[in-house]
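The values are calculated or read from the model by the stated rules, or taken from the named source; none is laboratory data. Being a predicted model, the structure only gives us computed values, none of them experimental. Neighbour counts run over all protein chains shown; Cβ positions are idealised from the backbone, glycine included.
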Amino acid sequence: MTDRKQSELRSALDDERLLLHYQPIHDIGSGRVVTVEALLRQRDDDGEVRGAHELTDAAEKGPHLVALDEWMVPEAFHAAAQWQKGVAPAVRINVNLSPREFESEKESLIERLDCIVSETAIDTAHVTLEITETRYFAEPEKTVSTLDRLKKRGFQLWLDDFGSGHSTMALLQNFPVDGLKIAGGFVKPLVTDRRTRSIVTATIRLAHELGLKVVAEEIEDAEQLKILREAGCDFAQGFLFSKPMPVETLVRFLQAS
Ligand code: G
Ligand code: MN
């Protein structure tokens, strides 16, 4: 990662050009919104809002991961408090955490989350932490104990982007997770590729055998949804349902739905 990306991230944090958009995740049977994922966005100089993939990549590899979290997690919890107050109390919030947070900063991750929870007065029973598998978990035993402590605090845990990156069966064997997200890369070819369909169907069965819920992301068309529904997938997220949106739009969306 270049220094340029690191300084871009630093200045986006300092200049308050980061923001969160929120994308609903629906129960595949009823269509009801069950939770909402907080996704990072950045505002350009011309006011345009765009994805912040490069900045989350930079955070993952550089020194600003904690700073980004310290802004992002309270921001997401405050937003959830807005829709949970009256509008849609049962709709959860999903927040993304990086595997790196579970390494040397193990203690501080728990402490930081404890602080944010007490400041924002969010009910942890309504929070899901998505753990991405963009990199290898360097210290799986320590990670398991951190995950256990998070679960004791009431958080639900989902493995994000399951099936890509560094996901292994050992994660399912050892990590106390409640669900997994099938990566968009497996959803896109679902209609045309038999092999992908087999992988997805088998993954859903495996997850259910383990008592886990399954969400598929980046669903863009009705055919993909049909296959996922028939395979028993629990939850659905993607442009077919709704795009990520600012919290005010989301609150109106939840009121109307
Ligand atoms: O953290 P995660 O890997 O879940 O990232 C989700 C990203 O995918 C977000 O940036 C979001 O805007 C984008 N996204 C959400 N729904 C869709 C979709 O249906 N299709 C595509 N191509 N991208 C999507
Ligand atoms: Mn995610």
Any pair with Cβ under 7 angstrom, 6 or more apart, that starts in region 233-257 at a residue that is without any contact (Cβ under 8 Å) to a residue 24 or more places away in the chain and ends at one that is assigned to a loop (DSSP other than H, G, I, E, B) and of a type in the set (A, V, I, L, M):
240/219
Which residue pairs have Cβ atoms closer than 9 Å, lie 6 or more positions apart in sequence or on different chains, and pair a first residue in region 194-208 that is small (Gly, Ala, Ser) with a second residue that is modelled with pLDDT under 95?
207/162; 207/172
Test result for residue 180, more than 15 Å from residue 102 (Cβ to Cβ), surrounded by 15 or more Cβ atoms within 10 Å (Cβ to Cβ) and touching a helix residue (DSSP H, G or I) at 6+ places or on another chain (Cβ under 6 Å):
yes
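In region 30-48, how many are closer than 18 Å to residue 79 by Cα and either more than 11 Å from ligand 1 (Cβ to nearest atom) or of a type in the set (Ser, Thr, Tyr) (or both)? Let's see the steps before the verdict.
Taking region 30-48 first, the residues closer than 18 Å to residue 79 by Cα are 33-42.
Now restrict to residues that are either more than 11 Å from ligand 1 (Cβ to nearest atom) or of a type in the set (Ser, Thr, Tyr) (or both): 33-36, 42.
Going through region 30-48 one residue at a time, the tally reaches 5.
Can we say residue 227 is closer than 15 Å to residue 28 by Cα and among the β-branched types (Val, Ile, Thr)?
Details: closer than 15 Å to residue 28 by Cα: yes; among the β-branched types (Val, Ile, Thr): yes.
Yes, satisfied.
Given the criteria more than 21 Å from residue 31 (Cα to Cα), away from ligand 2 (no atom under 16 Å from the Cβ) and of a type in the set (Val, Ile, Thr), does residue 199 qualify?
Values: more than 21 Å from residue 31 (Cα to Cα): yes; away from ligand 2 (no atom under 16 Å from the Cβ): yes; of a type in the set (Val, Ile, Thr): yes.
When the stated conditions are applied, residue 199 passes them.
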Among the strands (runs of 3 or more DSSP E) confined wholly to region 1-92, which include 2 or more residues that are within 16 Å of ligand 2 (Cβ to nearest atom) and within 27 Å of residue 181 (Cα to Cα)?
18-27, 33-43
Would you pick out the residues in region 124-138 that are of a type outside the set (Ser, Thr, Tyr) and either surrounded by 14 or more Cβ atoms within 10 Å (Cβ to Cβ) or within 16 Å of ligand 2 (Cβ to nearest atom) (or both)?
126, 127, 129, 130, 131, 133, 135, 137
Check whether at least one residue in region 29-37 is free of Cβ contacts under 8 Å to residues at least 40 places away in the same chain, crowded, with 17+ Cβ neighbours inside 10 Å and within 28 Å of residue 159 (Cα to Cα), and report yes or no.
no
Which residues, counting only those in region 204-251, are under 23 Å from residue 194 (Cβ atoms) and in contact with a Ser or Thr (Cβ under 9 Å, 6 or more places away or on another chain)?
214, 215, 227, 230, 231, 232
Tell me, yes or no, whether region 199-214 has at least one residue that is touching a Lys or Arg at 6+ places or on another chain (Cβ under 6 Å) and surrounded by 18 or more Cβ atoms within 10 Å (Cβ to Cβ).
no
Would you confirm whether any residue within region 96-118 is in a loop (DSSP other than H, G, I, E, B) and within 15 Å of ligand 1 (Cβ to nearest atom)?
yes
Flag for residue 157 being away from ligand 1 (no atom under 14 Å from the Cβ), surrounded by 13 or more Cβ atoms within 10 Å (Cβ to Cβ) and under 24 Å from residue 125 (Cβ atoms):
yes
